[in-house]
Every structure is written in structure tokens, then in C-alpha cells.
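Structure, as C-alpha cells:
The values are calculated or read from the model by the stated rules, or taken from the named source; none is laboratory data. Predicted, not measured: the structure shown is a model, and the values here were computed from it. Here the Cβ is made from the backbone with ideal geometry for all residues, glycine too, and neighbour counts use every protein chain on show. Ligands, DNA and RNA are stripped out before the accessible areas are found, and what is left, the full protein with its side chains, is counted by its heavy atoms. Shrake-Rupley method; radii C 1.70, N 1.55, O 1.52, S 1.80 Å.
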Amino acid sequence: MKTGVVTFHSAHNYGATLQAWALQKAIKKLGVTPCIVNYHPEVIDRLYTVPRLDTWAKRMQYLKKREVRARRRKLKIKYTRYQRFLREHFELVGDYTIYEELISNPPGLDCYIVGSDQVWNPDHTGGFDPAYLLEFAEKGSRRVSYAASIGRERFPAQYRNNFGESLKKFTAVSVREDSAVGAVAEVTGQEPSVVLDPTLLLLREEYEEIKVPTKRAERYILVYMMETNRRLVQLADNISIATGLPVIQRKPGRIFRNELESFYTHTPGEFLGEMEGAEYVITNSFHGTVFAIIYGRPFLSMLHSKTGSRTVDLLRSLGLEDHILYEARDFKDMKQFKIKNPRELKKRVEALRAESLRFLCGALGKEEA
């Protein structure tokens, strides 16, 4: 069986890339031939490509401002290195930039899986995009969602009928967060399964295939901040001063008082190495939280203002609510970083992983994992 995944694989974002890679690997372990349908619409690509200096104002800004030139150089390095990673580690099929290309020349696979990530969030897809509802799939092929995310509690009213009609054609439907169950049930009349993010389908050891160990000799705090948050910055600065440990972080410019380096131009494999080597992790990213758990790093999760519910759902399911910071003042002491019962955590992850793999096996028509 040949199965293609439709997701945000081309986004130069560690979480997006690693969830796609993990799902590809998990499918292959089930005895199914996986690939990534190389659908990369302009609404996604334009967020990561190096902008053109196609106006006089842009050229003048580039020539006059050193920080603009520096940021552009970093973006170019990141883009080149990231694209190479995608080519080397994904089984890409086709090259589609608009939905009509999928319709006119579909990949010709036995099964299609959409997910994970916020593939059903119209804010990210430029409105309702039928590609992420697998409307291009050939007659007779399976249509499956695995850990699809909406990024909100309900589908927008103007797209509710579109989602409902498309999802009723699916062989099996699953979502990543409990908060998405009601939204899907509202438009389909049936509750979807809730499964783990694909990154948690794999064991830590399986990431060795792409991980690049950190070369840092010094101890450090890793801050993985998706949404800029002044209170998170202040908290990290205070913890850095208290512990004497410098900070490494993912954004291109310098942010923290005692900042060692930005890992903005790192590949996903290098990010994993930095995560593994961190003394502490402070994050407002869902996947920052996930990989802190996978690598057993002491961590705090200060919630993202728009998508924090998915982190809450995950940490509650794993009994790790103590690591959530709704506000910076919720931080009490350094003991809050510690994963208190790693054995119990391992059991919970194993149980949820087994349940998620059972769903995936059934959706693919396989008997067992």
C-alpha cells in the first residue's frame, strides 16, 4: 500500500517538519510505503522564502540598515540548509503549488493521510483549502486524518458546511486535541478519535537517525519561544541570573541578557541535539514541550496566547500539569522544572502511543501494530 501524507511539511518550523518526518517513519514501521505529497502553496512558502528586493524602498532599507542585511543573510542560510534537510529526509512525491495541479495530476496513491499540525485552521491555509480535506483523492483511495488540528474550538461559520461535506467522505477521522472533538462532531454527526501528535509515536532512540549532537561544552538553558512574550523573556532572564547559565534561543535577533547564541539557522536535526543537551527548557511552543518530554529535560511551558489549549490537553493527559505556567507569577521555584515521576510518565506515553497506533493501523486497513 502506498500512502501519502498531506501536511505543512515545507514550513521551516521544527515542529511542523518533525511531526511530518515522524508520521512518515511511523507509517513505514507498519509495513506501509509512505511518502509526503509535496503540496506547498504560496500561502505557506511566502513565510519562509527570502523576500525579493524588488522595490526602491526595500533596496534602500537593505543598504542603509545593518540589522536588515544581517537578518536577510541569516534567513538565506536558514532557507538553504532547511531545504536541503527536506530533500534528504522526506520521500517527496510531485511538486504542487496550487490545488488545481493536484486535481489535474493526482499522485495516484492507495491512501492519503492529512495531519498533523493545524491543517484545518483556515487562518493558516488562506481560507478553506480542499487539498487539506483530500478532495483531490482518486476514487477508491482511503482518506484518513491523523491528529489533525483546528487551532480553535469550532470551524468558522462560513466554512462549516465545506468541512462537514468533505469529512463525511473520510475512511477514518482523528484529531490531536480534545478541544477539537466537538467541532468535528458538530459538522459530521460523529465524534473523531483523539490521538497523539506523530512526534510521540516514536521512541527517543528513533530520532538518532536525524539528530545532530550539540557541540557545546558549556551548560545552557534552551528557550523555544514561538510567540514573543515579554514575561517569558523576563522569567528566562531571572532564571539565567539565578542559575548562572546562559540562554540559547530560536529567533534571529538577540533577546536575552545572558544570551549565548541563537539557533535560528539550525536544521531540525541540530535542534534535536540542542534539546537533548539543554540543562533546562523554557517554551511556549507545543512541540518545544513535546521534545522536552521526549528527551526528559526539565521544562516549563508558558502557554501560547492563541494555541495554548493543545499544550494543556497534552500535559493533562500525561499528568504534567505542574509544568504549565498560565502567567509568569505561577513559577514558584526550580523544582517546578523537574519531571517528578518519569516511570509513570513513560507508562502513560506508552499507553497513549499504543492506542494511537491501533487507530492508525485500523485506518490503513492493517490488522495490528
Any residue at all in the range 214-227 that's closer than 26 Å to GLY308 by Cβ, open to solvent by 10 Å² or more (accessible area, probe 1.4 Å) and of a type outside the set (Lys, Arg)? yes
Filter result (crowded, with 20+ Cβ neighbours inside 10 Å and either at pLDDT below 95 or outside any helix (DSSP H, G or I) (or both)) within the range 194-209: VAL194, VAL195, LEU196, ASP197
Does SER305 satisfy the criteria of being loosely packed, with under 13 Cβ neighbours inside 10 Å and within 20 Å of the chain's Cα centre (by Cα)? yes
Check the range 44-55 and report whether any residue there is crowded, with 18+ Cβ neighbours inside 10 Å and either at pLDDT 90 or above or among the basic types (Lys, Arg) (or both). yes
Is the range 323-337 home to any residue that is open to solvent by 20 Å² or more (accessible area, probe 1.4 Å), closer than 22 Å to LEU203 by Cβ and in contact (Cβ under 8 Å) with a residue 24 or more places away in the chain? no
Would you confirm whether any residue within the range 284-302 is of a type in the set (Phe, Trp, Tyr) and open to solvent by 30 Å² or more (accessible area, probe 1.4 Å)? no
Return the residues of the range 195-221 that are touching a strand residue (DSSP E or B) at 6+ places or on another chain (Cβ under 6 Å) and without any contact (Cβ under 8 Å) to a residue 60 or more places away in the chain; say none if nothing qualifies. TYR220
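Matching residues to (1) within 25 Å of PHE155 (Cβ to Cβ); (2) open to solvent by 40 Å² or more (accessible area, probe 1.4 Å):
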| residue | (1), (2) |
| --- | --- |
| LEU86 | no, no |
| GLU91 | no, yes |
| SER104 | no, yes |
| ASN121 | yes, no |
| GLY127 | yes, no |
| TYR132 | yes, no |
Name the pairs: first residue in the range 164-185 and touching a residue at least 40 places away in the same chain (Cβ under 8 Å) and under 14 Å from SER145 (Cβ atoms), second residue part of a helix (DSSP H, G or I) and open to solvent by less than 20 Å² (accessible area, probe 1.4 Å), Cβ to Cβ under 7 Å, at least 6 apart or on different chains? THR171/ALA363; ALA172/ALA363
Hey, can you tell me all the residues within the range 56-84 that are under 18 Å from SER262 (Cβ atoms), at pLDDT below 75 and surrounded by 11 or more Cβ atoms within 10 Å (Cβ to Cβ)? VAL68, ARG69, ALA70
If you scan the range 339-369, which residues turn out to be part of a helix (DSSP H, G or I) and open to solvent by 70 Å² or more (accessible area, probe 1.4 Å)? PRO342, ARG343, GLU344, LYS346, LYS347, ARG348, GLU350, GLU355, ARG358
Can you confirm whether TYR159 is open to solvent by less than 10 Å² (accessible area, probe 1.4 Å), out of contact with any Lys or Arg (no Cβ under 7 Å at 6 or more places or on another chain) and hydroxyl-bearing (Ser, Thr, Tyr)? no
How many residues does the range 78-94 hold that are in a helix (DSSP H, G or I) and not hydroxyl-bearing (Ser, Thr, Tyr)? 9
Screening VAL119, VAL144 for residues that are part of a strand (DSSP E or B) and either acidic (Asp, Glu) or in contact with a helix residue (DSSP H, G or I) (Cβ under 8 Å, 6 or more places away or on another chain) (or both) leaves only VAL144
